[in-house]
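Below: the structure, in structure tokens.
The values are calculated or read from the model by the stated rules, or taken from the named source; none is laboratory data. What you see is a predicted model; the values in this text were computed from it and never measured. Because the Cβ atoms are built from the backbone with ideal geometry, glycine has one as well, and the counts that use them run over all protein chains shown. The area values use the complete protein model at the heavy-atom level, side chains included, leaving out ligands, DNA and RNA. Shrake-Rupley method; radii C 1.70, N 1.55, O 1.52, S 1.80 Å.
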Amino acid sequence: MTNAAEVRAPIVGSVIELASVGTQVGAGGRVAVIESMKMHHPVETPAPGRVSAVHVSIGQVVRVGDRLVSVDIDATVEPVATASPGPVKPADQVPPTLAEVRDRRRFGLDEERPEAVARRHATGRRTARENLADLVDPGSFVEYGPLVIAAQRRRRSKEELIVKTPADGLIGGIAEIHRRRCVVMTYDYLVLAGTQGYQNHRKKDRLFDLAMRMDLPVVILAEGGGGRPGDTDGVTVAGLDCLAFGMLARLAAKVPVVGVNTGYCFAGNAALFGMSDIRIGTTDSYVGMAGPAMIEGGGLGVVAPTEIGPVGDQAANGVLDIVVADDVEAMSCARTVLEFLAPLGTGSRRPDPDELRRTVPTDRRELYPMRNVLNGLVDLDSLLELRSLHAPNMITALGRFEGRPLAVVANDAAHLGGAIDTDAARSAARMLRLAEKWGLPVLFVCDTPGFMVGPEAERTGLVHDAGDLFLANGALTVPFVTIVTRKGYGLGAQAMAGGGFKFPVATVGWPTSEFGGMGLEGFVRLGYRDELAAIEDDAERNARFEEMVAAMYEHGRGLSMADHFEIDDVIDPAESERWIRLLWPPAGEPGERGPVGPWQGG
């Protein structure tokens, strides 16, 4: 039995293929092809049969519903396709376009440059991609701009640039670290010594913009030689209108930035590194605002790169916050730092609080390790110290308490008696600004005779940096608590309490605590100068001096401060946990300030 069916145009377009009268077609067989908006749309018959009439011609423009062909439908006709679909492709056959993309991408992989990788490994160093793989969570890295090549087409062939300048020496993208999304980027020292080229500046601009819009922390592996003079493809003269440095400066005011350096880091690379909140360097780091070529070009002589900003210098002057042994430790340390951005750790172990009673000797002149105190206050193995070689009399650190992150600022009486000199003030102020930016409450542990005194101290600019420490205190909106373990004297003690003992959420002293408006010996000598001078006998005068000092110490004991309500309490050291816990609202209570960026809301 035969029935006629008309096949009509489903779309507006030009007919570019058409079955002829008598063509046998199966169900779903193609009887025409219409080109519309540069796309080819096959038209099929709904049932098997033979074409009995053709109503249009090749090239004719048809509209929706126009008749194309008539088909005599015959269920007895054996279904046959209008045209052969062509040879069957194996399921694993890669389309040529995809093969081309894969071929291009391989040039940025370490396995495609074995000689360069071998040279890198021979120095005891890892490649940029090896470090990146160790830094981020497995499988989380999404790379931006891997196909970019150096802007040197006027001096090299494209084929050479593809092979020798993959990603223009900057590997960057978005990844997760501890399951938290970050922007990560690393200079590739195997590509033009990790220098900053025209295209990798543009790539940084793109990534910094994404970090700004998405509130993502940034991690920069900064090794490299700075600006690259060999790019030829742009229309710039000096390139001083590049955006990367200004963008990172604005970004650094908003999100956490962690810098890591594992070798030579000069000029523009060093500028980015210097803008980081926390700067991690390996023992073979050399960091400077100018490399050897720039120094020689400035007529300042020929110097080796190892003479510029070695780790000993840069740790002592505060450029490096943390010094680690090698690439492996650097990536592990960066992951640890970023973990402090999480509101809660995966778990916490508390030290025995009773041990705190034995950390500070009752003999007020006997030294004790402040780090033992700090390790007894925070979670076990959670203290990460910053700038220990820069200002040994001021310990600044990140830590956790019951799994929650906090910043720690503490005096160390083993150095200058805990007096706050210029470096100590500078380090403390920087830590407070980091705590405010990252949303971390602050634990002050005070044992200081005050600010350092003397002509030498003043020549270092102490007035400026002491003032800056008070300014950093005044800018704090995060909560803070002060515990005085022994000495709390003068302006230095006030600087260890946000500007004064009533500014912290709590100011408490241990039984060993003692206080005064200034060092008590000096107070007696100044306040009672005439009285002491009137005593002619030296032995009698000294005895009177010691008697008056002892009376002042008794008057300045923590218990005296507490019964005058100049501090909130004198406590058993083992009870310090109760006061530190005031830095956070109870669980589930609104109002706890979370860290900045993507960590807000967990």
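Details
- Ordering Thr359, Ala325, Gly297 by the projection of their Cα atoms onto the charge dipole of the chain, which places +1 on the Cβ of Lys and Arg and -1 on the Cβ of Asp and Glu, puts Gly297 at the extreme positive end.
- Reachable lysines from Lys203, criterion Cα separation under 24 angstrom, eight or more residues apart if same chain: Lys158, Lys164, Lys254
- Accessible surface calculations at 1.4 Å, restricted to protein heavy atoms, place the chain at 47 Å² per residue.
- When the convex hull of its Cα atoms is projected in every direction, mean area for the stretch 140-239 (nm²): 6.6 nm²
- Less than 5 angstrom separates the built amide H of Gly291 from those of Ala267, all sequence-distant by 5 or more or on a different chain.
- For the stretch 156-170, 3J(HN,Hα) per residue [Karplus equation, 6.51 cos²θ - 1.76 cosθ + 1.60, θ = phi - 60°, Hz, x = Gly/Pro]: 9, 6, 4, 4, 5, 5, 4, 6, 9, 10, x, 6, 6, x, 9
- Rg over Rh, two decimals, the stretch 127-195 (C-alpha only, Kirkwood Rh): 1.05
- Debye-formula intensities of the stretch 372-423, expressed as log10 I(q)/I(0) at q = 0.17 Å⁻¹, are -0.51 (one equal scatterer per alpha-carbon, no solvent).
- In a simple Cβ point-charge model (Lys, Arg +1; Asp, Glu -1; nothing else charged), the chain has a dipole of about 2660 debye relative to its Cα centre.
- The residue among Gly139, Thr232, Ala167 whose Cα reaches farthest toward the positive pole of the charge dipole of the stretch 133-261, with charges on the beta-carbon of Lys, Arg, Asp and Glu, is Thr232.
- The calculated FRET efficiency for the pair Ala539 and Asp572, based on their C-beta separation and a Förster distance of 41 Å, comes to about 0.50.
- Under the combined filter of DSSP loop state and at most 15 neighbouring Cβ atoms within 10 Å, the stretch 174-242 retains these trypsin sites (Lys or Arg not before Pro): Arg179.
- Derived scalar couplings ³J(HN,Hα) [the stretch 446-451; Karplus, 6.51 cos²θ - 1.76 cosθ + 1.60; whole Hz; x for Gly, Pro]: 9, 8, 9, x, x, 6
- The figure for Asp215 is an accessible area of roughly 60 square angstrom, using a 1.4 Å probe on the protein chains alone.
- Separation in nanometres of the label points that stand 7 Å from Cα toward Cβ, at Leu240 and Leu344: 5.3 nm
- Anisotropy class of the stretch 369-481 from Cα gyration tensor, a/c 1.5 cut: oblate
- Alpha-carbon Rg with Dmax, taken over the stretch 416-510, Å: 12.5, 38
- Net charge over other residues, Cβ less than 15 angstrom from the Cβ of Gly246 (K, R count +1; D, E count -1): +2
- DSSP finds beta bridges in the chain, and of those with both partners inside it, around 55 percent are antiparallel.
- Neighbourhood net charge (11 Å Cβ-Cβ; Lys/Arg +1, Asp/Glu -1) for Gly230: +2
- Using 0.36 nm per residue and subtracting the Cα-Cα separation, the extra length available between Arg364 and Ala122 on full extension is 81.7 nm.
- Relative to the globular-protein estimate of 2.2 N^0.38 Å, the Cα radius of gyration of the chain stands at 1.44.
- Computed magnitude of the charge dipole of the stretch 279-358 (debye, nearest 20; Cβ of K, R +1, Cβ of D, E -1): 400 debye
- Within the stretch 301-395, the trypsin sites (Lys or Arg not before Pro) that combine a DSSP coil assignment with at most 14 other C-beta atoms in a 10 angstrom radius are Arg349, Arg364, Arg365.
- Rounded to the nearest whole angstrom, the semi-axes of the ellipsoid equivalent to the stretch 446-491, taken from the Cα gyration tensor as √(5λ), stand at 22, 17, 5, largest first.
- Prolate/oblate/rounded call for the stretch 299-427, Cα gyration tensor, a/c under 1.5 rounded: oblate
- Mean Kyte hydropathy of 0.5 or more with a Cα span along the axis of at least 15 Å, helices from DSSP in the chain: 462-474
- Using only side-chain charges placed at the Cβ, +1 for Lys and Arg and -1 for Asp and Glu, the dipole size of the stretch 195-298 relative to its Cα centre rounds to 300 debye.
- Distance from the stretch 362-409 to the stretch 153-168 (C-alpha centre basis), Å: 51 Å
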